[in-house]
Amino acid sequence: MNEKYSTRVKTIFDGTYCIAPKDAAELYDQNGYGRVEKDGRLRLEPEEALYLAARGKIDLKDYTFDTLLARCSKEPSFLRSFIVYRDIRERGYVITVHRPEPSGTAYRIFQRGQRPGKGTSRYLLRVLSERDPVDFASLIRDAKKTANMRKQFVLAVLDDEHEITYYEIRLPVPAAQECPVIPSGLSAKQTGLPAFVTGDAVETLQKNWFGTMLDASRLYLSPAEVLWLMREGHLTLDTGMSADEYFRAAEAGDPEFSVKFRVYCRFRALGYYPRSGYKYGHHFRVYTDSTTHSEMLAQAVPDGDISPMWAVSRSVRLAHSVKKRMLFVILTGDEEIPLEFARIKM
């Protein structure tokens with residue numbers, strides 16, 4: 001960034017903010033640092049003051065860079081926030097600090113060449129460490145808020161060596177496709193929880209991405225597939241078990257079955273083809289058309305569930321490595337809300 005000012009002013013830290021005299025206003029006017037108070041003085045957030053002090057643009061009264069950093073770092077999250085602030089500034093963006101916010105400190109990042117009063121911010125950014133828990137409900141609130149503001153929501157995550165990974169957090173709106181036409185009156189033979197079909201039903205279900213061939217004549221269906229077909233009125237079991245009875249049996253054998261089944265139904269209602277994602281370590285791999293490659297990995301997340309950031313990062317990196325999108329489908333009340341994590345370069 002080409003910073004034009006050469007002001008070097010004495011700045012006072014009042015325990016919350018750093019206050020610079022009126023002649024520091026050019027720091028705001030030229031590069032969007034701080035906020036100009038009614039009396040003309042410039043109020044700087046500690047991250048801004050430390051960054052300017054490190055670059056020799058201001059002097060800190062009664063503090064050095066090291067002593068102010070130590071003072072502010074009594075707040076456990078401050079050091080990583082400052083590191084992210086510095087990284088964004090050094091990438092050529094103007095970044096402003098907003099605290100307090102309901103979800104903690106937020107940073108707004110302007111498009112290159114723009115600043116407060118001379119453009120609009122492009123990103124809303126929050127900071128986490130690799131060991132922080134991920135509150136999916138909070139991320140959904142922030143993603144909705146950011147979308148309403150027509151901005152991109154970014155999460156900056158620092159590992160223990162203070163290296164930064166940036167993620168864009170999206171609330172995708174899946175485009176529904178025409179659902180396949182499946183005839184009623186299909187019958188399956190139950191073998192434990194799974195069941196299989198034979199005859200004409202094999203071709204009918206196969207072309208709609210159901211089941212796995214056991215041999216040349218038997219198509220085995222997973223519990224989620226069996227239950228979905230039963231509830232939609234396409235399939236009955238030779239044992240006479242009802243859909244409700246089958247659900248209870250499946251739930252008894254798999255504690256996650258109910259949440260997985262909700263997500264399975266959500267994708268089927270969109271005309272997508274969810275298949276087991278076990279080989280990728282997730283609940284589903286999802287096809288959006290009849291191609292040979294799935295486009296998404298999906299993980300069902302019960303309402304109120306909190307995951308460590310390192311686990312989320314592992315999922316995103318795996319999805320990226322196999323050229324898929326990573327969706328966490330959050331179950332809230334009667335909604336299934338997809339939340340997408342995508343690594344980005346700032």
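The values are calculated or read from the model by the stated rules, or taken from the named source; none is laboratory data. Source: prediction; values computed, not measured. Every residue, glycine among them, receives a Cβ derived from its backbone with ideal geometry; neighbour counts consider all protein chains shown.
Entry remark, region 47-79: residues being within 17 Å of residue 98 (Cβ to Cβ), assigned to a helix (DSSP H, G or I) and not hydroxyl-bearing (Ser, Thr, Tyr) number 5 in total.
For region 133-153, the criterion of being assigned to a loop (DSSP other than H, G, I, E, B), closer than 30 Å to residue 107 by Cβ and touching a strand residue (DSSP E or B) at 6+ places or on another chain (Cβ under 9 Å) is met by at least one residue. One residue alone among 269, 319, 311 is surrounded by fewer than 18 Cβ atoms within 10 Å (Cβ to Cβ), under 30 Å from residue 126 (Cβ atoms) and among the hydrophobic types (A, V, I, L, M, F, W, C), and that residue is 311. Looking only at region 186-201, count how many residues are assigned to a loop (DSSP other than H, G, I, E, B) and either farther than 23 Å from residue 249 by Cβ or touching a Gly at 6+ places or on another chain (Cβ under 7 Å) (or both). Count: 2. Evaluation of residue 224 against the conditions (1) within 34 Å of the chain's Cα centre (by Cα); (2) surrounded by fewer than 18 Cβ atoms within 10 Å (Cβ to Cβ) shows that the sole unmet condition is (2). A count restricted to region 115-129 and to residues that are in a strand (DSSP E or B) and either farther than 17 Å from residue 169 by Cα or among the small types (Gly, Ala, Ser) (or both) stands at 2.
When restricted to residues that are aliphatic (A, V, I, L, M) and part of a helix (DSSP H, G or I), region 218-242 contains 5. Of all residues assigned to region 35-46, at least one qualifies as being under 19 Å from residue 84 (Cβ atoms), touching a strand residue (DSSP E or B) at 6+ places or on another chain (Cβ under 6 Å) and not in a helix (DSSP H, G or I).
Per-residue answers, yes or no, for (1) more than 30 Å from residue 90 (Cβ to Cβ); (2) in a strand (DSSP E or B); (3) in contact (Cβ under 8 Å) with a residue 40 or more places away in the chain:
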site	(1), (2), (3)
169	no, yes, yes
203	yes, no, no
209	yes, no, yes
216	yes, no, no
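In region 146-166, the count of residues that are among the β-branched types (Val, Ile, Thr) and at pLDDT below 95 is one or more.
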